[in-house]
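Below is one structure; the comments refer to it alone.
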Amino acid sequence: MNTVSAIAANSDGIDSGHLIDTDIDDALFRFNSDDTPLMNLMLKAKRVKVNSPEVDHYMIDEPVANVTLLSSITPGSSHLMTLNLDPAHQNVIRPHTTLLVHNVDGYLPDGKTATPGQWLMLYVESRDPTTNNPVARTINGPKNNTTDEYPMFPTIPKGTRLTILANSLYETQKEVDPDIIVPQPTRVYLQKRGMNQVVSDYFESQRKRLPFSKAVIAEQAIANFKVRGNRTLWAGRPGKFKVNVPKMGMQYVYCTEGLRWQFKREIQHSGRWTMERVIALAKMFFTGEDVPKTALLLAGKNLLEQIQCIDYSAHPEVQITTRENALGWCVTNFHTVFGDIQIKREPTLDRLGWSNSGALIGEDRLVHYVYSAEHSFSDRMESEEATRNGILIWDALALKGGCHIWIDGEGLKSPTRQIRMWDSADAPTAADMTDNEVVFYLINDCPGISGLAHAGQSWLAQRSGDKITFTQC
């Protein structure tokens with residue numbers, strides 16, 4: 001390829017046709033590195049060679065630790081009760097599993113004396129064949145009579161959180177249901193991208209007189225190729241359709257999905273950033289079920305400005321330094337007790353109109369799918385005194401795990417359940433919700449929601465007309 005050979009002749013000696021190979025990844029990584037951070041992350045990500053432009057991608061998290069009760073349980077005549085759970089969690093809880101019931105007091109063995117602060121525990125005995133929900137009994141519940149074999153159920157409110165504990169087997173039991181973890185794949189399309197350059201024989205003959213011109217054109221072509229590809233990696237929409245190719249018939253065109261649309265967690269942010277909010281962001285990122293090694297915040301210019309203008313005087317213990325990270329970038333490093341956040345500006349977000357937004361990414365949680373390794377070609381143009389040179393690559397970038405967080409500062413709606421940081425003592429109103437379901441992360445205690453709503457907790461607000469109900473996540 002003309003552009004690659006030009007760079008080879010005038011810079012570090014990049015071999016034609018091997019831009020993606022590991023032996024020269026660093027050279028491509030350094031080329032216009034500050035303009036295309038996401039593409040550079042892709043080049044450093046785990047590379048997976050695939051045999052099709054369509055890939056079933058599993059965004060697997062750690063196993064679910066908590067589930068939520070969708071309807072309340074009231075004391076009845078039976079010691080067995082069906083737990084109404086979200087369909088996505090019904091198969092997770094197998095028979096013989098034990099569950100800890102949050103904020104519901106258990107009882108002493110006599111079944112008459114409550115133990116405040118020492119919670120109720122359940123034992124899953126079977127499954128409801130109609131609803132597929134688990135059927136459970138209490139282990140330390142109340143009793144009608146002290147001599148009763150089995151305790152009953154106390155009142156368990158709707159929205160109560162249940163933590164999944166280990167299974168508990170009977171004396172001679174050795175067989176148990178395997179854990180049912182069947183992640184749902186998402187279809188990822190790998191997009192074929194190419195770059196051509198036509199060089200006339202006349203220009204080629206002038207090469208010795210203008211030794212730098214070819215390299216300048218090559219650098220401009222590669223820079224444009226990377227910048228446009230970087231925009232696609234952020235904002236591309238997935239698609240697959242047929243086109244009629246002369247002399248070749250019908251062929252498929254694939255468009256890959258940008259990372260912006262792959263996030264499973266999204267913070268809707270408004271107002272000024274504070275140090276408390278940055279620490280809360282670090283807490284959400286590093287203390288979930290999927291814990292990454294590092295946090296890299298790729299930010300638009302306005303978000304970067306807001307974070308730079310935070311008043312840090314109230315938090316002298318917070319360390320903010322500028323250093324070179326493992327990728328060779330100069331980043332602003334926020335050291336918190338939960339982990340470090342490395343901040344870098346992403347110019348592409350500004351070009352896409354997302355200057356107030358950013359992406360908090362675990363750089364070790366990215367997958368680079370490659371269908372056809374990058375290769376070059378050089379063809380003589382028929383009936384022309386010119387040569388066509390180019391490169392082709394067929395790949396896609398996908399998020400792995402659920403640690404990643406998109407920070408939306410534009411006020412845009414999203415199909416992803418939104419998270420908002422809330423620092424008021426009053427409960428959120430309908431005017432504070434951009435959707436019918438919003439998760440509020442509490443910066444301070446919020447008695448307006450509940451006496452149990454304390455700083456650091458997340459509460460789900462569900463709106464039905466003018467009525468809002470809150471349940472702890």
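The values are calculated or read from the model by the stated rules, or taken from the named source; none is laboratory data. This one's a predicted model, so the numbers in the text were calculated from it and none came from an experiment. No Cβ is skipped: glycine too gets one built from the backbone with ideal geometry, and neighbour counts run over all protein chains shown. Quick note on the areas: whole protein, heavy atoms, side chains included, nothing else; ligands and nucleic acids left out. Shrake-Rupley method; radii C 1.70, N 1.55, O 1.52, S 1.80 Å.
Suppose we keep just the alpha-carbon trace of segment 248-325; what are its Rg and Dmax in angstrom?
Taking only Cα atoms of segment 248-325, I get Rg and Dmax of 18.2, 68 Å.
Counting only other residues whose beta carbon sits under 14 Å from that of Gly111, what net charge do I get with K and R as +1, D and E as -1?
Values: positive: Lys112, Arg137, Lys143; negative: Asp105, Asp110, Asp148, Glu149.
Once all neighbours under 14 Å are counted, the net charge is -1.
Using a 1.4 Å probe on the protein heavy atoms only, what accessible surface does Val48 show? Give it in Å² to the nearest 10.
40 Å²
For His335 and Leu352, compute 0.36 nm times the residue count separating them, minus their Cα-Cα distance, and round to one decimal in nm. List each step's numbers first, then the result.
Values: separation 17, 0.36 × 17 = 6.12 nm, distance 2.95 nm.
Fully extending the segment from His335 to Leu352 adds 3.2 nm.
Calculate, in nm to one decimal, what Lys112 and Ala88 gain on full extension: separation in residues at 0.36 nm each, minus their alpha carbon distance.
Values: separation 24, 0.36 × 24 = 8.64 nm, distance 3.60 nm.
Extra length from Lys112 to Ala88 when fully extended: 5.0 nm.
Quick check: pseudo-label points 7 Å beyond the Cα along Cα→Cβ at Lys301 and Ala430, how many nm apart are they?
Here the answer is 4.0 nm between the modelled labels.
Students often get this wrong, so check it: of Lys226/Lys264; Lys49/Lys226; Lys46/Lys158; Lys44/Lys240, which have C-alpha atoms separated by over 32 Å? Before the final figure, lay out each step's value.
Details: Lys226/Lys264 27 Å; Lys49/Lys226 21 Å; Lys46/Lys158 43 Å; Lys44/Lys240 27 Å.
With Cα atoms farther than 32 Å apart: Lys46/Lys158.
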